[in-house]
Amino acid sequence: MKRLFLITTLMTIVLAAATAALASEITVTGKLQKTVEPGGWVVAGKSKYLLLNASKFQSESWFKEATNVEAVGETKDVMTTYMEGTPFEARTLRSTDQAESRRVTRVLVSGDFTIQAQPDTATLVMSVVTQAKQAIDAQQQNANKSSALVQALKAVSGSGAEVKTSGYSVQPQRIYKEGQPPTITGYEARNSVTVLMSDLTKIGAVIDAAGQAGANDIGGISFTLRQDRPAKDNALKEATREAMSKAQVIAQALGGKVSRIVEVQEEGFQRPQPIYQAETFMKRDGASTPVEVGSLDISSRVQLTAEIETSL
């Protein structure tokens, strides 16, 4: 019985030592190879070590078959499907091939793109301005003319247009003499009306009707694009492509390649700017007011930071 106890004790000590040795950290070197088991990798040197956590390193550019590597980690007492090598969990894994050693350089590039779009909305601002000695007289005169103006605009612009008052004021008119307080000589009433319309063919008729109805101050006309999202997206896409193309050209010039995009920022997007055509309000010989609708420029700018991988 004593001899049996002694043998059992010795076997326990040996197994414990073997387990401790199995779990100790080691360094292995060799080439990366694929295993018979799909998705598996081994480090094959004097012995084969089956990488249990190969996915941790597969995003590295050098992680491919036949690359010489050095791995630091621990062997594991686990069972695998084919047991192709000693199960091994790598804490670190790096390429030892001088040819595969890489230098990473960051570059900052920008891309700009401008597209042209046809405007679909016109905004006209026109005012009735009246003057009188008394404020109430200026107001009453203005009210009559403004009412006629609104009715005329609604009739000509059509049901799809929006006609609204955008400003109203009554201001005293003063004269100034040196050494004396200002003197009020009368009052000016101003009623501004804005017309928002999508039928651009009626712009000239609206302007003519406004003048005939009593509008004596036309602030201007602007053309815009109501739904500018598709155009904006297209400009942004093309600006991004241009920035990426620049990064690739730089990489090729350096003898490397773009390994990853670190950051992309959209900056300086410019929405369609109104096209003002104030000169079109000048009628000649009673002819209808001519209006030429131009195109809108929609611009986008992208700044991109890329990592370029080159050989040492």
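In the stretch 8-20, the count of residues that are at pLDDT 90 or above, surrounded by fewer than 14 Cβ atoms within 10 Å (Cβ to Cβ) and farther than 30 Å from V258 by Cβ is zero.
Inspect all residues belonging to the stretch 65-73 and state whether any of them is outside any strand (DSSP E or B), closer than 14 Å to I26 by Cα and touching a Phe, Trp or Tyr at 6+ places or on another chain (Cβ under 8 Å). Lay out the reasoning, then the answer.
Applying the first criterion (outside any strand (DSSP E or B)) to the stretch 65-73 yields 65-67.
Still in the list and also closer than 14 Å to I26 by Cα: none.
No: the stretch 65-73 contains no residue that is outside any strand (DSSP E or B), closer than 14 Å to I26 by Cα and touching a Phe, Trp or Tyr at 6+ places or on another chain (Cβ under 8 Å).
The set of residues in the stretch 256-297 being surrounded by 14 or more Cβ atoms within 10 Å (Cβ to Cβ), among the aliphatic types (A, V, I, L, M) and modelled with pLDDT under 90 consists of I275, V291, V293, L296. Checking T123, T92, T130 one by one, the residue that is modelled with pLDDT of 95 or more and either in a strand (DSSP E or B) or among the basic types (K, R) (or both) is T130 and no other. In the stretch 206-229, the qualifying residues are those that are at pLDDT below 90 and touching a helix residue (DSSP H, G or I) at 6+ places or on another chain (Cβ under 9 Å), and the one that is farthest from K154 (Cα to Cα) is L225. On the given criteria, is A205 farther than 15 Å from I218 by Cβ and in a helix (DSSP H, G or I)? The answer is no for A205.
Does any residue of the stretch 60-75 turn out to be more than 30 Å from S311 (Cα to Cα), surrounded by fewer than 18 Cβ atoms within 10 Å (Cβ to Cβ) and more than 48 Å from the chain's Cα centre (by Cα)?
Filtering the stretch 60-75 down to residues more than 30 Å from S311 (Cα to Cα) leaves 74-75.
When the remaining residues are screened for being surrounded by fewer than 18 Cβ atoms within 10 Å (Cβ to Cβ), the result is 74.
Those still in the list that are more than 48 Å from the chain's Cα centre (by Cα) too: none.
Among the residues of the stretch 60-75, not one is more than 30 Å from S311 (Cα to Cα), surrounded by fewer than 18 Cβ atoms within 10 Å (Cβ to Cβ) and more than 48 Å from the chain's Cα centre (by Cα), which makes the answer no.
Residues in the stretch 221-242 that are within 26 Å of T305 (Cβ to Cβ), crowded, with 16+ Cβ neighbours inside 10 Å and out of contact with any Ser or Thr (no Cβ under 6 Å at 6 or more places or on another chain): K232, E238, T240, E242. Pull up the stretch 22-59, narrow it to residues that are within 12 Å of R91 (Cα to Cα) and touching a residue at least 60 places away in the same chain (Cβ under 8 Å), then point me to the one that is surrounded by the fewest Cβ atoms within 10 Å (Cβ to Cβ). The extreme case among them is E25. Consider the stretch 156-202 and keep the residues that are over 43 Å from the mean Cα position of the chain (by Cα) and outside any strand (DSSP E or B). The one that is surrounded by the most Cβ atoms within 10 Å (Cβ to Cβ) is P182.
Right, V109: surrounded by 14 or more Cβ atoms within 10 Å (Cβ to Cβ) and assigned by TED's automatic domain parsing to the domain that holds T201 or not? In short, no.
Within the stretch 120-143, the set of residues being in contact (Cβ under 8 Å) with a residue 40 or more places away in the chain and polar (S, T, N, Q) comprises T121, T123, S127, T130, Q131, Q134, Q139, Q141, N142.
The values are calculated or read from the model by the stated rules, or taken from the named source; none is laboratory data. Computed from a predicted structure; not experimentally measured. Backbone-built Cβ (ideal geometry, glycine too); neighbour counts: all protein chains shown.
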